[in-house]
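What follows is a single structure, written as structure tokens, with notes after it.
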Amino acid sequence: MQTTSILAELIVIGCTALIWCYPVIEKVTEINFSTIMNNSGNIVISLALLYLLGVIVNFIADIFFAKFDDKYSNDYGGKESQQIARTKILLKSTEATNYMTIRRSIVRILRASTFNSIIYSILIFFSMADPIPKLANLWDGIIFLIITFFFLMGYRHTLIGYFKFLKLTEELINADTK
């Protein structure tokens with residue numbers, strides 16, 4: 001179950017990354033993604049590419065938001081304390097472990113979606129560098145910045161909720177073992 005979840009999660013991240021990668025890669029190379037993606041014989045190759053793209057974007061987003069994560073992690077005991085809490089939860093409760101895994105997955109998806117939205121917004125604003133900027137691109141950029149803001153707020157809220165869950169669950173486990 002956990003392997004399937006992480007596989008699906010990285011494919012979702014890869015799909016959201018494809019929104020901004022698609023036009024960039026097609027502009028820079030001769031690769032035509034629509035031909036690859038639309039050919040039903042290439043479904044395995046498409047999934048593998050989306051998975052790989054998801055792994056890469058997840059890694060980059062993790063680095064990009066490391067300071068952000070550290071700030072909220074430190075508010076709830078820090079990384080070491082959270083590693084101990086996760087280990088206790090894994091050892092003591094299957095239900096809490098499943099919930100923790102789902103929460104962490106949502107955090108990763110929102111973090112990557114926020115990163116993807118930032119990149120896409122930048123690309124929209126750079127596409128306005130044509131000799132005559134299009135007003136439609138300006139509105140697209142503004143709309144995507146608003147979407148990015150909501151992704152960031154969702155990411156922040158879910159991340160804080162995850163850290164609170166770890167801390168409170170560890171406290172309950174500690175109280176239960178006394």
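I need a count of the residues in segment 58-68 that are among the polar types (S, T, N, Q) and exposed (fewer than 15 other Cβ atoms within 10 Å of the Cβ). It would help to see each step written out before you state the result.
From segment 58-68, those among the polar types (S, T, N, Q) are 58; that's our starting set.
Those left that are additionally exposed (fewer than 15 other Cβ atoms within 10 Å of the Cβ): none.
Residues in segment 58-68 being among the polar types (S, T, N, Q) and exposed (fewer than 15 other Cβ atoms within 10 Å of the Cβ): 0 in total.
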Condition check for R104: without any contact (Cβ under 8 Å) to a residue 60 or more places away in the chain and within 13 Å of Y162 (Cα to Cα): yes
Search segment 69-111 for residues being among the aromatic types (F, W, Y) and farther than 21 Å from L10 by Cα, and hand back the single one that is surrounded by the most Cβ atoms within 10 Å (Cβ to Cβ). Y76
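Being closer than 29 Å to A8 by Cα and touching a Ser or Thr at 6+ places or on another chain (Cβ under 9 Å), is that true of even one residue in segment 128-139?
no
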Among the residues of segment 93-107, is there at least one that is among the basic types (K, R) and within 22 Å of T16 (Cα to Cα)? yes
I'm told I132 meets every condition in (1) among the β-branched types (V, I, T); (2) part of a helix (DSSP H, G or I); (3) at pLDDT below 95 except one. Can you identify the failing condition by its number? (2)
Can you confirm whether segment 161-168 contains a residue that is modelled with pLDDT of 90 or more, aliphatic (A, V, I, L, M), out of contact with any helix residue (DSSP H, G or I) (no Cβ under 6 Å at 6 or more places or on another chain) and over 20 Å from V57 (Cβ atoms)? yes
Which numbered condition V55 misses (of (1) surrounded by 12 or more Cβ atoms within 10 Å (Cβ to Cβ); (2) under 22 Å from F149 (Cα atoms); (3) not hydroxyl-bearing (S, T, Y)): (2)
Just to verify a result, which residue in segment 52-108, among those that are modelled with pLDDT under 95 and not in a helix (DSSP H, G or I), is farthest from the chain's Cα centre (by Cα)? S93
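Before we move on, is T94 free of Cβ contacts under 8 Å to residues at least 12 places away in the same chain and β-branched (V, I, T)?
For T94, the condition - free of Cβ contacts under 8 Å to residues at least 12 places away in the same chain and β-branched (V, I, T) - is met.
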Scan segment 31-51 and give yes if some residue there is on the phi < 0 side of the Ramachandran plot and modelled with pLDDT of 90 or more, otherwise no. yes
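Would you check if T148 is of a type in the set (S, T, Y), in a helix (DSSP H, G or I) and either over 30 Å from P23 (Cβ atoms) or in contact (Cβ under 8 Å) with a residue 40 or more places away in the chain (or both)? Before the answer, list the steps.
On the way: of a type in the set (S, T, Y): yes; in a helix (DSSP H, G or I): yes; either over 30 Å from P23 (Cβ atoms) or in contact (Cβ under 8 Å) with a residue 40 or more places away in the chain (or both): no.
It is false that T148 is of a type in the set (S, T, Y), in a helix (DSSP H, G or I) and either over 30 Å from P23 (Cβ atoms) or in contact (Cβ under 8 Å) with a residue 40 or more places away in the chain (or both).
The values are calculated or read from the model by the stated rules, or taken from the named source; none is laboratory data. Note that the structure is a prediction, hence the values are computed from the model and not measured. All Cβ positions, glycine included, derive from the backbone under ideal geometry; neighbour counts span all protein chains shown.
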